[in-house]
Structure formats: structure tokens, C-alpha cells
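The structure under discussion appears below in the form of C-alpha cells.
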Amino acid sequence: MHFLKFALISAFGLMPTLAHAAGFRFVTVPAEAGSPAIQAAVWSPCAGPVGEIKIRTMVLPATENCAISGDKLPLIVISHGYGGGFTAHHDTAETLANSGFVVVALSHPVDAGSSDMSRADTLAAFTERPADIERVIDYMLTAWPDHAKLAPEHIGFFGFSRGGYTGLVAAGGDPDLRKMIVLCPEDSPKPDCAQVRRNEIPALAFTHDPRIKALVIADPAFGPLFDPDGLKDVKAPIQLWASALSGEDRTGGEVTLDYVTTIMRDLPVKVDFHLVQNAGHFAFLPPCTEELAKKRPNICTDRPGFDRLAFHGAFNAAALAFFRAHL
């Protein structure tokens, strides 16, 4: 595949007129044998007035438990990065819900910041995350109280960082964990690296979900684990985003621009590729509140001249246009 490089252009002309707030509700996917419950949130089309929902230090422009507008609605699943959670990409969820999509964002039990992180750096994360996606889709299509309003044949996925890895696997990718040695410097204390160095990699089954018909993926982690053979069954349309300066961020070596562009070249489908100039890895997270910026300057501080708010307007509009075209 040819190396495709797109300069980021303004997509504000694609933005919908946001006449209403997104509806919002909390959901819990029940625990099952060997798997814990999954905490999630659902954004949905809502004809009610704009409201506010306070979650810890965050105020979301949404209306809680608003009746869902429409029928046969497409579903988008959102998967966060290391230490994130279901609010990590709330602005993208709001944009999609205001445009007729139902969006479910989950907190992965293995490495959400609000959960027990003791297993976040073990090999369990590589298999449990894609399995979480299948469980969430199953729940939304069968057990969610408003499942009759969904169009089961129109399911999309958005993932950032480890969420991008999760989407590639869910869409048919088969990573080779033996290649993780590239991501493990000799002094790494991570349990997964210790296993790899000892060549103690168990036979693992990866969960694929053919119900996913289109994916938007931003700065996917663990790129070296994939090769053309491991990606050969990823056939759904993909919009792939890369931050030009991701290798300079504190990503634990999981994400670099080279890793992302290699995935782009090795995918068997033609990718809608966007390279975001002057952007670090965490530019894909929404603009930070003042309180969060003080607590987490590493994820909230952008390069001089980079406008995260303006970028998210363009990014969300482009993701919306992509999902509209393919779902």
C-alpha cells in the first residue's frame, strides 16, 4: 500500500447543527463466568433541552435519561486508552449522538483509571479488551432496555491508543505477542515484559466481532505486534489518525508515528489516513478543564501553536462524516 499522508484540513463545514443535547445514561454490563461487570455510558439522540451532567470534575452538556429519538439507529462503541474511562472521548460521543447515532463508551476493567490497575500491564489486557467489546455489543443488542431502537447491521467502533489496538483485534486482527520484545527495554519492570523475556507466552485466543462494519482509530498502540498476515482479515473500512509527535510523549513506547504508519501500510484495505501535524499523542483527548490541567499537565499540555479545541471540532466532524458514509 502506498504511504498516504494528508494534511489536516478544517472540517467545520461538516459539523451538524446541534439543536439538542445528547441524551446520557449509565449502564452496567453484567458480570459473567470469569469476567467482571463492565461500567459504561450511553449517549443517544435526544429531543429534549440541553442539560448538564456532573461527573467528578467534569461537566457534560447532556440530558440524563432523555427519551431516545428515532428508530433503527446505528451504534458506535468507544474504547479508551491506558488509564482512561468511558468519559475519555465524551465530545466525540456527543457529536455522534447529536447526529443520530447511539454511542456506548465503556471502561475496560483491566486498565481503566477508575478500576484496579494491578493487571493493566499484564498480557491479560491484550485478550480481555477485545472480549469486552463483544460483550458490550451483545448487551446493547439484546439486554439494553432500548435495544429495539438499534440497527444491528450498522455498528461502528472508535478507539484511541490501546483502544485502537482493541479495535484492530475486534475487526479481525491477530497480534503476535512474541514480537512484544521490541516494546520491552531490558530494565522494564512490567509483568508482561517479564513474561515475554522468559518466553512464557501462553496460547491466547483473540475475540473478533464481524458485526463491526467501520472503524475510526487514533494512534493505535502496540503496532509492532501486527504484520500483514496478522492484519489480513481486517476488511472493514478504517479512518486512521496519527499524531506527528506521538513518539515524544510519555506513552511507554506503545505508540510512535512509525508504528501507526506501518499499520496503515500493512492493512489490506485502503485507509482514510490523517496525519495531525504538531500534535502529541494526547491531543486526541478532549480539551482539559482547568482543574484537570493542573493535575495532569502531561496529557493536557499541547505544543505551541496547536489548538486542541479547534482540532477536536475538525476531528469529530471528520469521524462523523466517515461513519455516515459507511454506516
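Some notes on this structure:
- Order by protection proxy (mean Cβ within 10 Å, highest first), peptides 275-282, 162-169, 319-326: 162-169, 275-282, 319-326
- In terms of distances greater than 31 angstrom between alpha carbons, the cross-link table entries Lys213/Lys295; Lys179/Lys213; Lys72/Lys270; Lys179/Lys295 yield Lys213/Lys295; Lys179/Lys295.
- Value at 222 nm in deg cm²/dmol, rounded to 500, when DSSP H runs of n ≥ 4 in the chain each add -39,500 (n - 2.57): -7500 deg cm²/dmol
- Pairwise centroid distance, computed over Cα atoms, of segment 113-133 with segment 144-181, Å: 14 Å
- Between the alpha-carbon centres of segment 203-226 and segment 36-106 there is a gap of 22 Å.
- Across segment 12-326, the mean sequence separation of Cα contacts (distance under 8 Å, 6 or more residues apart), normalised by length, yields a relative contact order of 15 percent.
- Counted by Cβ distance under 12 Å from Arg119, the other residues give a net charge of -3, where Lys and Arg count +1 and Asp and Glu count -1.
- Length added when fully stretched, Ala310-Asp229, from 0.36 nm per residue minus Cα-Cα: 25.4 nm
- Residue ranges 213-226, 100-113, 285-298, 129-142 sort as 213-226, 100-113, 129-142, 285-298 when ordered by packing (mean number of other C-beta atoms within 10 Å per residue, highest first).
- Cut-off 12 Å between beta-carbons: net charge of the residues surrounding Thr166, Lys and Arg +1, Asp and Glu -1: -3
- Note on Ala325 and Asp258: the extension gain reaches 21.3 nm, defined as 0.36 nm multiplied by sequence separation minus the Cα-Cα distance.
- Put simply, when 70-80, 54-64, 88-98, 40-50 are sorted by average Cβ atoms within 10 angstrom per residue, most first, you get 88-98, 70-80, 40-50, 54-64.
- Among beta bridges from DSSP that stay inside the chain, the antiparallel ones total about 35%.
- Rounded FRET efficiency, nearest 0.05, which uses the C-beta distance separating Glu186 from Thr57 and R0 of 45 Å: 0.70
Only the coordinates and a few stated rules stand behind these numbers; no lab work does. These numbers were taken from a predicted model, which means no experiment stands behind them. Positions of Cβ are generated from backbone atoms using ideal geometry, with glycine treated the same way; all protein chains shown enter the neighbour counts.
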